[in-house]
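The values are calculated or read from the model by the stated rules, or taken from the named source; none is laboratory data. In this text the structure is predicted, and so the values were computed from the model without any measurement. A quick note on method: Cβ atoms are made from the backbone with ideal geometry, for glycine too, and the neighbour counts reach across all protein chains shown. Just so you know, the surface numbers come from the protein's heavy atoms only, side chains and all, with ligands and any DNA or RNA stripped out. Shrake-Rupley method; radii C 1.70, N 1.55, O 1.52, S 1.80 Å.
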Amino acid sequence: MEKKTGILGYNYDEERMGILSFDLWVKDGLHCGETLEVLIDDEWVSDRIEYSSRTKEWYLVNTKLSGDQLERLKVKY
């Protein structure tokens, strides 16, 4: 099955990062441990999203991106 693409964004209603397509939520809230691919320097990289209760930020484990760096990041899910 071919993966779909979208962009990451913070969903204030769900208090979670979600995935948007054409400014509509296609996945309104990601959960810790969910895997996805992120586009970094024109290359798709496998990653996993987590939440730090210490810093109160969402972050990606492999790319080390966090917080505002996740906004508008292109993903495959």
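List every residue whose amide H lies under 5 Å from the amide H of L65, counting only residues 5 or more places away in sequence or on a different chain, with H placed 1.01 Å from N in the peptide plane.
Those qualifying (amide H under 5 Å, at least 5 residues apart or on another chain) are L60.
First compute the accessible area of the chain with a 1.4 Å probe, then give the percent of it belonging to carbon and sulfur atoms. Write down the numbers at each step before the final one.
Details: 2420 of 5370 Å².
The value for the chain is 45 percent carbon and sulfur by accessible area.
Please list 3J(HN,Hα) in residue order for region 34-39, calculated via the Karplus relation 6.51 cos²θ - 1.76 cosθ + 1.60 where θ = phi - 60°; whole Hz, with x for glycine and proline.
5, 9, 7, 10, 10, 8
Hey, in the GNM for the chain with a 10 angstrom Cα cutoff, which one of D28, D13, D47 fluctuates hardest?
Judging by the Gaussian network model, the answer is D13.
Counting only pairs 8 or more residues apart or on different chains, how many lysine pairs in the chain have their Cα atoms under 14 Å apart?
8
Give me the extension gain from S46 to M1: residue separation times 0.36 nm, minus the current Cα-Cα distance, reported in nm with one decimal.
14.5 nm
So which residue, out of L30, L65, L20, gets the largest mean-square fluctuation from a GNM of the chain using Cα contacts under 10 Å as springs?
The residue with the greatest mean-square fluctuation here is L65.
Which one, W58, Y12, W25, is farthest towards the positive end of the dipole of the chain when Lys and Arg carry +1 and Asp and Glu -1 on their Cβ?
After comparing all options, I get W58.
Over the chain, what is the relative contact order in whole percent, taking alpha-carbon pairs under 8 Å and six or more residues apart?
With pairs under 8 Å counted, the relative contact order is 32 percent.
If you stretched the chain out fully between K64 and K76, how much longer would it get, using 0.36 nm times the residue separation minus the C-alpha to C-alpha distance? Don't skip to the end; give the middle numbers.
On the way: separation 12, 0.36 × 12 = 4.32 nm, distance 1.75 nm.
Fully extending the segment from K64 to K76 adds 2.6 nm.
Using DSSP, restrict attention to beta bridges with both residues in the chain and report what percent are antiparallel, rounded to the nearest 5.
100 percent
About the Cα centre, and with charges only on the beta carbon of Lys, Arg (+1) and Asp, Glu (-1), how big is the dipole of the chain? Nearest 20 debye, please.
140 debye
How big is the C-alpha Rg of the chain next to the rule-of-thumb value 2.2 N^0.38 Å, as a ratio? It would help to have the intermediate numbers written out before the result.
On the way: Rg = 11.5 Å, N = 77, 2.2 N^0.38 = 11.5 Å.
Ratio of Rg to 2.2 N^0.38 Å for the chain: 1.00.
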